[in-house]
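We did not get these values from a lab; they are worked out from the coordinates using the rules stated. Model, not experiment: these values are computed from the prediction.
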Amino acid sequence: MKKLLLALSLACASFAAPAEPPRELRLYALDCGRLAFEDLGQFSDTFEYEGHSRTMQASCFVIRHPDGVLLWDAGLGDGLAATRDGRRLRVLGSELTMTVPVTMASQLASIGLDFSDIDYFAFSHGHADHLGNADALVRATWIVNRTELAWLRQQPAPQRTDPALIRNLPKQRMIAIDRDHDVFGDGSVRILSAPGHTPGHQVLLVRLPRTGPVLLSGDLYHTRENRGQRRIPAFNVDRADTLASIDRIERIVANLGARVVIQHAPEHLQMLPRLPGHLD
């Protein structure tokens, strides 16, 4: 009888609710640059933005967990900070000016970190505005979507990527993933597969003990309007996959009551605590 009760107890434990997130879990938001588009037309394939200009935000995030420090996305790159007027180029049918008003290095320093303190690095996808400081993360273990990595290594390189940004990818310290991934093994920080923008695009769910669940969008959405109206950029690699990912992520958001942070929306970054402030 005692053995039966023990077996039943173990079985019930396996279906128990996830453990509470660690009390030390913190989320820091970093300003990782600006992208000023003269024509936003390519950000919807149903023509809402033709002729409209907009400045988008590049955001990065540091997640401090008792078992390590995770950097989510790496922005435009600190090298741009030395260029007063930024870098101007033509991309997606528009003139684009990229600027970095404040370096990631200085922002990390404000919370007592430098690049060598980053234990894990994961990126929503391989576009260059999300990998700008990746080559500085030589000590971090990279958590890389296998499909995204294969896409990045295509020849010729896909549009809006820069293979040089992953040249320091530490093969001996890489975790290759195929779909969702529990970063610290306790359910508090999860990478969620959300393909469509790129083949291996993903978002990050952080379940904070006080704030509650926060969903970092990657490029699933670029603007609040794109989320609200389900607008799809013309340059996404797969429209159907994008819509399926939106359906899945929005259901997760509704079920968990999660706060969505659109990483390219300046107003969303402005609503988060300024460094060294954080969500916990």
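Among the DSSP beta bridges whose two residues both lie in region 24-270, what percent are antiparallel, rounded to the nearest 5?
So the antiparallel bridges in region 24-270 amount to around 75 percent.
Which of the following values of Kirkwood radius over Cα pairs in Å was calculated from the structure shown: (i) 18.3; (ii) 20.8; (iii) 19.5?
Label of the calculated value: (iii).
Multiply the residue separation of Asp45 and Gln155 by 0.36 nm, subtract the distance between their alpha-carbon atoms, and state the gained length in nm to one decimal.
So the chain would gain 37.0 nm between Asp45 and Gln155.
Please give the length that would be gained between Asp117 and Glu38 if that part of the chain were fully extended, namely 0.36 nm times their separation in residues minus their C-alpha to C-alpha distance (nm, one decimal).
24.7 nm
Round to the nearest 10 and give me the degree value, 0 to 90, for the angle of helix 2-14's Cα axis relative to the longest principal axis of the chain.
10
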